[in-house]
Amino acid sequence: MTQEALKYIKEKVDFQPELGIILGSGLGDFAKNIQDTIHLPFKDIPGFAGSTVKGHTGEFIFGDLFGKKVLAMNGRVHYYEGHPIEQVVLPVKVMADLGIKDLIVTNAAGGVNESFNPGDLMVITDHINFTGVNPLIGPNCDDKGPRFLDMSQAYCKKSIDLAKEVAKDLSIDLKEGVYMWFTGPSYETAAEVRLARTVGADAVGMSTVPEVIVAHHRGVRVLGLSLITNHATGVTDEPLSHEDVVLASKKAEGEFKALVEKIVQVMECI
Ligand code: HPA
């Protein structure tokens, strides 16, 4: 699957990206910063699944961002859309095989940590995957990465420190914490959120983890950033709605954009 996609892309664009960015909810607008762009809709790339989520257009954008050669994923494919996990992670495999050294993964998440509030930004220090789904299940591509992947540095410590420094410079109160993946599409129950908190999660969400596992497997450094759009179920009495999540991400996107922009400027993708 990866080879066909790579062949198609290489025929269309002569470009070796150094940095990949996955633009989740709250960063859709971010793509406007990218200069000299080439857009490739996912629906045109062999093997790719087009995103079915409203507000996630689903395309690769190649271009220049603050002097860096960037490949952005505008919108992503989620497991809950019903695609096999291989298709969910295919874009990240392709990004890695096109040569990115670093990947910035962004998402919207629910705050499990009771000190978090909607609008907070969180750098992901680690994740929990209790879904039973792992994109590395199946034959291992030994030329890409090891069968049994060490996950002690799945989120690059240096990149986390860089994000914290940048946030400090911008006077952003950047939280840090553990992201726990739930497949969705239903939001978590209050009991599931209590469980998440008990096992050490600070935020819950429906993406990111499969992408991070695959990027790390292929030796790409990962920085994960979450926009906390809501209190997770049960933290307050408020029911959850997708509309509220979208609204909250719109409100906080200015700060989120500023943080990611500055990180891109100072990150050394070598
Ligand atoms: N749970 C799961 N995914 C989410 C949430 C949440 O509370 N908020 C935004 N994405």
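The values are calculated or read from the model by the stated rules, or taken from the named source; none is laboratory data. This is a predicted model, so every value here is computed, not measured. Heads up, the Cβs are rebuilt from the backbone with ideal geometry, glycines too, and the neighbour counts pull from every protein chain shown.
Remarks
- The set of residues in region 140-173 being within 24 Å of Ala215 (Cα to Cα) and among the hydrophobic types (A, V, I, L, M, F, W, C) consists of Cys141, Phe148, Leu149, Met151, Ala154, Cys156, Ile160, Leu162, Ala163, Val166.
- Single residue of region 190-208 satisfying the filter (within 12 Å of the ligand (Cβ to nearest atom) and among the hydrophobic types (A, V, I, L, M, F, W, C)) that is nearest to Gln153 (Cα to Cα): Ala201
- Applying the criterion of being of a type in the set (D, E, K, R) and under 17 Å from Glu114 (Cα atoms) to the residues of region 231-270, the residue that is farthest from the chain's Cα centre (by Cα) is Asp237.
- Look at (1) crowded, with 24+ Cβ neighbours inside 10 Å; (2) within 20 Å of Ile213 (Cβ to Cβ); (3) modelled with pLDDT of 95 or more; (4) not acidic (Asp, Glu) and you find that Val77 fails only one, number (3).
- Close contacts from region 245-270, counting a first residue that is more than 16 Å from Val105 (Cα to Cα) and a second that is of a type outside the set (Lys, Arg) and in a helix (DSSP H, G or I), with Cβ to Cβ under 8 Å and a gap of 6+ residues or different chains, come to Val266/Leu162; Val266/Val166.
- Summed over region 48-64, the residues that are surrounded by fewer than 18 Cβ atoms within 10 Å (Cβ to Cβ) and at pLDDT 65 or above give a count of 2.
- Failed item, numbered, when Leu149 is tested on (1) within 18 Å of Ile228 (Cα to Cα); (2) part of a loop (DSSP other than H, G, I, E, B): (1)
- Of all residues in region 80-112, those being at positive phi and surrounded by 24 or more Cβ atoms within 10 Å (Cβ to Cβ) number 0.
- The residues of region 235-270 that are near the ligand (Cβ under 10 Å from one of its atoms) and at pLDDT 90 or above amount to a single one, Val235.
- Only listed residue being more than 16 Å from the ligand (Cβ to nearest atom) and over 24 Å from Asp143 (Cβ atoms), chosen from His78, His83: His83
- Exactly one residue among Ile45, Ile22 is among the hydrophobic types (A, V, I, L, M, F, W, C), modelled with pLDDT of 95 or more, closer than 21 Å to Val88 by Cβ and surrounded by 22 or more Cβ atoms within 10 Å (Cβ to Cβ), and that residue is Ile22.
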